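Structure first, then comments.
The values are calculated or read from the model by the stated rules, or taken from the named source; none is laboratory data. Please read all numbers here as calculations on a predicted model, not as lab measurements. Methodologically, a virtual Cβ is constructed for each residue, glycine included, from the backbone with ideal geometry; neighbour enumeration extends over all protein chains shown.
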Amino acid sequence: MVSYQSIGVKMPHIGRRQTTAWIRRVAEAYGMKVGDIAYIFCDDAKILEVNKEYLKHDYYTDIITFDYTEDNVISGDIFISLDTVKSNAEQLECDYQRELHRVIIHGILHLCGIEDKTPDARKVMEAAEDKALDMLE
């Protein structure tokens, strides 16, 4: 089950059924099934708090993915800072909704096993994001 909630921000306008179906298609493309995934949309203050408390990182980010995947069933908690998504969209001069969907699927791709810690891995992640965005109806 995929759930969507917000803490301290207005829930973004995403078609929940459409987004959930898209997430399932992307996961299936990697041979994975969707288990329990919770999206928590928040502001920069909350994501910084989560980053400090759980990851010991003292900086803002657009997404933090907690991975509870077992075997081929992806599960996790995915925190997304709508403040950072908005500033990234402005900085990249791209559509906010497209950037939001890129970040939404970024977490799923992490749960499917795609990393982005090195420059080469980031290229693989970006290609996977682009491919997944093309799957969005």
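Would you point out the residue of the stretch 117-137, among those that are free of Cβ contacts under 8 Å to residues at least 60 places away in the same chain and closer than 21 Å to ILE40 by Cα, that is farthest from the chain's Cα centre (by Cα)?
Looking at the filtered set, the residue picked out is LEU133.
I need the full set of residues from the stretch 101-132 which are within 22 Å of ILE14 (Cα to Cα) and exposed (fewer than 15 other Cβ atoms within 10 Å of the Cβ), in order please.
GLU126, ASP130, LYS131
Tally up the residues in the stretch 62-85 that are farther than 24 Å from GLY8 by Cβ and surrounded by 22 or more Cβ atoms within 10 Å (Cβ to Cβ), please.
Selection size over the stretch 62-85: 1.
Evaluate the following for ILE47: is it in a strand (DSSP E or B) and without any contact (Cβ under 8 Å) to a residue 60 or more places away in the chain?
no
Report every pair of residues separated by at least 6 positions or lying on different chains whose Cβ atoms are under 9 Å apart, first residue within the stretch 81-101 and assigned to a helix (DSSP H, G or I), second among the polar types (S, T, N, Q).
LEU82/SER6; THR84/THR61; ALA89/GLN97; GLU99/ASN88; HIS101/THR19
With the structure loaded, tell me whether ILE63 is under 11 Å from LEU82 (Cα atoms), among the aliphatic types (A, V, I, L, M) and at pLDDT 95 or above or whether it fails that test.
Spelling it out, ILE63 is indeed under 11 Å from LEU82 (Cα atoms), among the aliphatic types (A, V, I, L, M) and at pLDDT 95 or above.
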